[in-house]
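The values are calculated or read from the model by the stated rules, or taken from the named source; none is laboratory data. Only a predicted model underlies this, so the values are computations on that prediction, with no experimental measurement involved. Every residue, glycine as well, gets a Cβ built from its backbone with ideal geometry; the counts of neighbours run over all protein chains shown.
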Amino acid sequence: MLSEKIEKALEGSSAIRAMFVEGKELAEKIGEENVFDYSLGNPATPAPSSLNDTVKDLLDKEDPLVLHGYMSNSGYEDVRAAIADNLNRRFGTKFAWKNIIMTVGAAGGMNVVFKTILDPGDEVIAFAPFFGEYRSYVSNFDGVLVPVAPDYDTFQPDLEAFRGAVNEKTKAVIINTPNNPTGVVYSDDTMKKIAGILLEKEKEYGKDIYIISDEPYRELVYDGVKENFLTKYYHNTLVGYSFSKSLSLPGERIGYLAVPDEVTEAEHMLSGLEVANRILGFVNAPSLMQKTVAKCVEEKTNLEFYDKNRKVLYEGLTNLGFTCIKPEGAFYLWLKSPVEDEQEFVRTAKKYNLILVKGSAFGCGGYVRLAYCIAHEKVIRSLEAFGKLAAEYGLNGQGE
């Protein structure tokens, strides 16, 4: 009854969502307050109050025929100009309104990009570990996702493995920094070397290869790490962004694509993206949210909320003997399973009402992901449960 693609998608259905559902079911049995659900990247800090005020103001004062009507498939020009101006001020870019396309979140934007650039059999490289839905986004358009392993000491990309993965079929490389699931921020040196390899390969194969920079966590960085914008490294860079995390709006599905003039035949690319936005059925990004984010583009979520959770969780887990990658950004912590089969570890954690996500869902087994965008008191109380879990595996407080 179902298509082959959907049957395959069902088989590989999101492990993140599956664990989220398990967490909800457990909460119904023993009470939500007793479940420590680290599965889903759903912000527990609200949108800035000014955003709610902006929505009310727009509804009260804007012409409803304009506010709720059609516009260009790429979005309102004034909204795109506001975003372009913000990027130019912060990152020294030279965007005009025409370089911005409003999208239904970053996920919608990535599907628009892949619809625009992929032919059947084209390869898209993703650095493991990576957001598991990338597989579906690429296969939606008959592309092939090619994982590249990390440097397991730093979880920066393994650049020699990357060089070996690029071939005449490579059409794009997905960069996600700050990274989901590790919280690692790719270094300036890493990005320069990636760009250098791609320039060599473009010349070798006589074709364009794109970086698709997936940036929903751009503003969520800690310990003095600077927000970064990847178009400065490589000419064929397409940026996808979502306000889901920076303004705590995951359910509103609002984001954008930014296409610099340096992209090969940039105007032609923009025309293709606009058409893809329409024929995929998005038609345009939600009009009310477009107008809202344009007026709130300088606002940010409560970064201190996530930073408190990050510090408490990382210090608590390492003190218990777990080995973790210290996150520099996003709101995820990447924990090494004390046993080779991390799925066993995930099952054992559930005994203590801890809901974790297996690393193999992100293309990197042997680890688990914790989304620490939950209530701070939950993080604190979860450490007792983690202590029992550590004891079960005989950890001795010597983690890294």
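Out of 51, 87, 58, 40, I need the residue that is more than 26 Å from the chain's Cα centre (by Cα) and hydrophobic (A, V, I, L, M, F, W, C). Which one?
On inspection, the qualifying residue turns out to be 58.
Check off (1) in the same structural domain as residue 85 (by TED's automatic domain parsing); (2) more than 30 Å from residue 48 (Cβ to Cβ) for residue 319 and give me the number that stays unchecked.
(1)
So, in the range 300-309, how many residues would count as being in contact with a helix residue (DSSP H, G or I) (Cβ under 8 Å, 6 or more places away or on another chain) and surrounded by fewer than 17 Cβ atoms within 10 Å (Cβ to Cβ)?
The total comes to 2.
Which of the following residues is under 30 Å from residue 233 (Cα atoms) and in contact with a Lys or Arg (Cβ under 6 Å, 6 or more places away or on another chain): 332, 306, 367?
Unique residue meeting the criteria: 332.
Need the failing condition index for residue 275 against (1) buried (at least 23 other Cβ atoms within 10 Å of the Cβ); (2) of a type in the set (A, V, I, L, M, F, W, C); (3) not assigned by TED's automatic domain parsing to the domain that holds residue 380, just the number.
Failing condition for residue 275: (1).
Considering only residues of the range 263-283 that are touching a helix residue (DSSP H, G or I) at 6+ places or on another chain (Cβ under 7 Å) and in a loop (DSSP other than H, G, I, E, B), which is nearest to residue 62 (Cα to Cα)?
Among those residues, the one meeting the criterion is 282.
Filter the range 323-360 for residues that are part of a helix (DSSP H, G or I) and in contact with a strand residue (DSSP E or B) (Cβ under 6 Å, 6 or more places away or on another chain); which is nearest to residue 156 (Cα to Cα)?
Across the range 323-360, the extreme among qualifying residues is 359.
Give the residues of the range 73-92 that are surrounded by 14 or more Cβ atoms within 10 Å (Cβ to Cβ) and part of a loop (DSSP other than H, G, I, E, B), sorted by residue number.
Correct list: 73, 74, 75, 76.
Name the one entry in 13, 39, 50 that is part of a loop (DSSP other than H, G, I, E, B) and modelled with pLDDT of 90 or more.
One residue alone meets the criteria, 39.
Here are 154, 177, 182: which of them is of a type in the set (Ser, Thr, Tyr), farther than 24 Å from residue 241 by Cβ and assigned by TED's automatic domain parsing to the domain that holds residue 211?
Working: 177 fails: farther than 24 Å from residue 241 by Cβ; 182 fails: farther than 24 Å from residue 241 by Cβ.
From the options 154, 177, 182, the qualifying one is 154.
Within the range 310-322, take every residue that is on the phi < 0 side of the Ramachandran plot and not in a helix (DSSP H, G or I) and give me the one that is surrounded by the most Cβ atoms within 10 Å (Cβ to Cβ).
This residue is 322.
Within the bounds of the range 353-372, is there any residue that is among the aromatic types (Phe, Trp, Tyr), buried (at least 23 other Cβ atoms within 10 Å of the Cβ) and farther than 17 Å from residue 43 by Cα?
yes
So if I check each of 339, 346, which one is aliphatic (A, V, I, L, M) and surrounded by 15 or more Cβ atoms within 10 Å (Cβ to Cβ)?
Sole residue among the options that is aliphatic (A, V, I, L, M) and surrounded by 15 or more Cβ atoms within 10 Å (Cβ to Cβ): 346.
Please enumerate the residues belonging to the range 244-271 that are without any contact (Cβ under 8 Å) to a residue 12 or more places away in the chain and under 21 Å from the mean Cα position of the chain (by Cα).
If the condition is that a residue be without any contact (Cβ under 8 Å) to a residue 12 or more places away in the chain and under 21 Å from the mean Cα position of the chain (by Cα), then 251 is the only one that fits.
So how many residues does the range 244-262 have that are of a type in the set (Gly, Ala, Ser) and part of a loop (DSSP other than H, G, I, E, B)? Step through it out loud before you land on a result.
Initially, the range 244-262 is screened for residues of a type in the set (Gly, Ala, Ser), giving 244, 246, 248, 251, 255, 258.
Remaining after also requiring part of a loop (DSSP other than H, G, I, E, B): 248.
Qualifying residue count for the region: 1.
Of these, 241, 217, which one is within 23 Å of residue 362 (Cβ to Cβ), among the hydroxyl-bearing types (Ser, Thr, Tyr), touching a residue at least 60 places away in the same chain (Cβ under 8 Å) and not in a loop (DSSP other than H, G, I, E, B)?
Numbers: 217 fails: not in a loop (DSSP other than H, G, I, E, B).
Selected residue: 241, the only one of 241, 217 that is within 23 Å of residue 362 (Cβ to Cβ), among the hydroxyl-bearing types (Ser, Thr, Tyr), touching a residue at least 60 places away in the same chain (Cβ under 8 Å) and not in a loop (DSSP other than H, G, I, E, B).
In the set 49, 39, which member is among the hydroxyl-bearing types (Ser, Thr, Tyr), closer than 20 Å to residue 244 by Cβ and loosely packed, with under 14 Cβ neighbours inside 10 Å?
49
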